[in-house]
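The values are calculated or read from the model by the stated rules, or taken from the named source; none is laboratory data. Since this is a predicted model, take the numbers as computed values, not measurements. With ideal geometry, Cβ positions are generated from the backbone for all residues, glycine too; neighbour counts draw on all protein chains shown.
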Amino acid sequence: MSEATETTGTREAKQPTRRFSSFLIAVVFVLLALSIIALMQAFDMYRNNPKSMDYVTFMMIGLIGLALSTYMLLQTRKKVLQITLAIQPVTTTVLCQKCGFKNIREFQRGDYIFKEAEPCPRCNEKTTIASIIREVKEKEKVREERI
Amino acid sequence: MIPQVPNVAQFGGDTISWVFQILFTLLFVVFVFYGQRIQMYVMIREVENSLLRLKVFRDEGRKTAISTIKELGKPKEDPTNRVDQFLEYVAFAPESMDPTGIVWKLEHLLDVEEARYKDEVKLMAPEADETQLNNIEGTLVSAQALNLIYKVIRHFYVLGKKTLSLYIIMQIQMVLPLIMREAEAWASALKAFTLGQPIGDGAGALVAAKLMHGHEIRKIAKDMVAATVSIEDRTAYVLKAEGPGANVAKPGEAIKQIIEENEGKIATIIVIDAAQKLEGEKPGDVAGGVGVAIGGPGVEQYKVEESVLKYKIPVNAFIIKEDIGDAVSTMRKEIFDAIDTVIERIKGLILERTKGGDSIIIAGIGNSVGIGQ
């Protein structure tokens, strides 16, 4: 039964840690410092002359720089990425040829199509495996199908 | 031409304004002279990320192969070394400068390769039965494919980094999405072969299995089985690779043998196989046509074509459409559901194209893993 349970869910595999150069990190920190300075400058300009829109340029440069450097710093985190292999459930259908009794269960190692399976619980006749299938739940592709 | 920070002139004496002016100018110069190099680094990074994924797939394949051999084959020695050697196995195609007789040379090489694979697997897994041996071989072949994909991509990645050539990196980066799809397909094939589940490629074999189920089965050619079935008052010789182990066998040889047994008196041959679908087509779509629908290196297709030409036998084909991912992973419902459609169409074709009392051949092509008879 343990084999059957392995056929559902996802398999995860560890990926080696990615390394980043110290030069790149230094550049990111310089960018971060300059962005903060630009924001401070924008604040100063706004305080001195709130009616003028000159502070907007510095504020934008500061915000863009801040966003960029924060994003790059987040990317350099030494995280261990997980790669998942999605595994769809596989079901086996056991069919009684005599009374038509159908039993759908999880796949078990050793199952194959046309294999004689357990006796039919209804008429006690031999049953055979009629199908082994994987059900795929596709994402909606309405636009693609229209084309 | 150099982009200016707007309004900076108003704060001409301001140091910060000058710093930003210089930064913008520098950025412009850097992009003019190093733009292509920056683009290349972005591409290298993209290839690197995919390479890390491929490495995980490769390691997973190797690990799965070793654990399956240990579990099913119960070897006395650790099979790791043998598995590693198997993953690095190479085969050379015959020289084609003089193409005369190349089919038979290729067939011989394929036979030698298959015998070698079987011997290797037997040595690795001495306790495994015939079906398990075939499934282990399928698992090893999947692991081998993943290893090869990883190594080829790594080659271009390292070469691109060494030479800093945009074109080397670019050519691999452009085909990367297709390669990743193929690698993911082989990664899912591992589980199917390990557990002995029927795969999409076995659709043709499943059609034949459904037709021959309950009839007397005889062995014909190498690893092929055949049954004589009465369909619509015609004698149908139905054949497929022997299951439920992973096996594609020699359908061409089997068809040739049946034609010779009947001295060429075959009204028609119907070949059913899984075929690559185009994007936008649905998996499990069925198409009919003419010709010998046998994939692979071409040896089996050639044999059938030679025989049908000799006796002028018409050849019809049905294909069940699927993509590469479906072909090597566990059979999906849509493909299984297409089997009955194909059987109906075979019956229709027989009624339209042959007369009562005729003999016909129905060949189900594909891997018989997880499919009995």
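Miscellaneous remarks
- With respect to being surrounded by 21 or more Cβ atoms within 10 Å (Cβ to Cβ) and within 22 Å of the chain's Cα centre (by Cα), B:G291 falls outside the description.
- A:F101 being over 28 Å from the mean Cα position of the chain (by Cα), modelled with pLDDT of 70 or more and not aliphatic (A, V, I, L, M): yes
- In the range B:276-293, the residues that are assigned by TED's automatic domain parsing to the domain that holds B:I324 form no Cβ pair under 8 Å with any partner that is in a strand (DSSP E or B) and loosely packed, with under 12 Cβ neighbours inside 10 Å, whether six or more places apart or across chains.
- Residue in the range B:2-28 that is modelled with the lowest pLDDT, counting only those that are exposed (fewer than 11 other Cβ atoms within 10 Å of the Cβ) and among the aliphatic types (A, V, I, L, M): B:A9
- Which listed residue, of B:E242, B:E232, B:E216, B:E261, is surrounded by fewer than 20 Cβ atoms within 10 Å (Cβ to Cβ) and either within 14 Å of another protein chain (Cβ to nearest Cβ) or without any contact (Cβ under 8 Å) to a residue 12 or more places away in the chain (or both): B:E261
- Among the residues of the range A:98-112, not one is over 18 Å from B:A189 (Cα atoms) and facing chain B (nearest Cβ under 9 Å).
- Looking only at residues in the range B:245-258 that are within 14 Å of chain A (Cβ to nearest Cβ) and in contact with a strand residue (DSSP E or B) (Cβ under 9 Å, 6 or more places away or on another chain), the one that is surrounded by the most Cβ atoms within 10 Å (Cβ to Cβ) is B:A246.
- Those residues of the range B:179-202 which are away from every other protein chain (no Cβ under 13 Å), surrounded by fewer than 24 Cβ atoms within 10 Å (Cβ to Cβ) and within 15 Å of B:Q276 (Cβ to Cβ), in sequence order: B:R181, B:E182
- Residue among B:L176, B:L123, B:L159 that alone is in a helix (DSSP H, G or I) and surrounded by 16 or more Cβ atoms within 10 Å (Cβ to Cβ): B:L176
- Per-region count, the range B:203-213, residues facing chain A (nearest Cβ under 9 Å) and buried (at least 24 other Cβ atoms within 10 Å of the Cβ): 2
- All positions within the range B:318-369 that are closer than 20 Å to B:W186 by Cβ, within 12 Å of chain A (Cβ to nearest Cβ) and surrounded by fewer than 21 Cβ atoms within 10 Å (Cβ to Cβ): B:D323, B:G325
- Filtering the range B:53-87 to residues that are under 23 Å from the mean Cα position of the chain (by Cα), surrounded by 16 or more Cβ atoms within 10 Å (Cβ to Cβ) and within 14 Å of another protein chain (Cβ to nearest Cβ) leaves B:R53, B:L54, B:K55, B:V56, B:F57, B:R58, B:D59, B:E60, B:G61, B:R62, B:T64, B:T68.
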